[in-house]
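A quick write-up on the structure given underneath.
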Amino acid sequence: MSLNDPLANCLSHILNSEKQGKNECLVGPKSKILVSVLTLLKDSNYIGDFSVVDESRGGWIKINLIGNINKCGVVKPRFSFTKDNYETFEKRYLPSKNFGLFIVTTSKGIMTHKEALDKGIGGKLIAYCY
């Protein structure tokens, strides 16, 4: 198993587990970015609750799945976006307007694209989910 991009591995594992109809999945190694992305997905009702299992070797995250994810993945390369050119990426990655979400990293932290647009700040796209 290649661990060059733990976020991409986590999202693909979640998507594969959802397609198989599983109720939970284990992903790892845990990281701060992974926990903050999962928190945003939980707040947007794409996944259920999750718990962090600390071990000596990186740790794991146990995620409860609720079957709300149709597709999720990372955006490579990490495109920069502003409030003006956001719609080009929405057309490229999301199936329709105002459906799904982008997870972006900004100077104010990791947040959804809706929060970033409300605050009027740009950033880099790191993941999408719908």
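The values are calculated or read from the model by the stated rules, or taken from the named source; none is laboratory data. Just so we're clear, the structure is a prediction, and the values are computed from it rather than from any experiment. Because the Cβ atoms are built from the backbone with ideal geometry, glycine has one as well, and the counts that use them run over all protein chains shown.
Beta carbons closer than 9 Å, at least 6 apart along the sequence or on distinct chains, pair a first residue in the stretch 6-34 that is under 17 Å from ASN68 (Cβ atoms) and in contact (Cβ under 8 Å) with a residue 40 or more places away in the chain with a second that is of a type in the set (Lys, Arg) and surrounded by 14 or more Cβ atoms within 10 Å (Cβ to Cβ) for LEU15/LYS71; GLU24/LYS62; CYS25/LYS62. Can LYS30 be described as over 28 Å from ASP118 (Cα atoms) and crowded, with 17+ Cβ neighbours inside 10 Å? For LYS30, the condition - over 28 Å from ASP118 (Cα atoms) and crowded, with 17+ Cβ neighbours inside 10 Å - is met. When the stretch 71-102 is examined, which residues are found to be assigned to a strand (DSSP E or B) and either among the acidic types (Asp, Glu) or more than 25 Å from GLY21 (Cβ to Cβ) (or both)? Of everything in the stretch 71-102, those that are assigned to a strand (DSSP E or B) and either among the acidic types (Asp, Glu) or more than 25 Å from GLY21 (Cβ to Cβ) (or both) turn out to be SER80, PHE81, PHE102.
Out of the residues in the stretch 54-70 meeting the condition of being outside any loop (DSSP other than H, G, I, E, B) and touching a Gly at 6+ places or on another chain (Cβ under 6 Å), tell me which one is modelled with the lowest pLDDT. Only one residue tops the list, namely TRP60.
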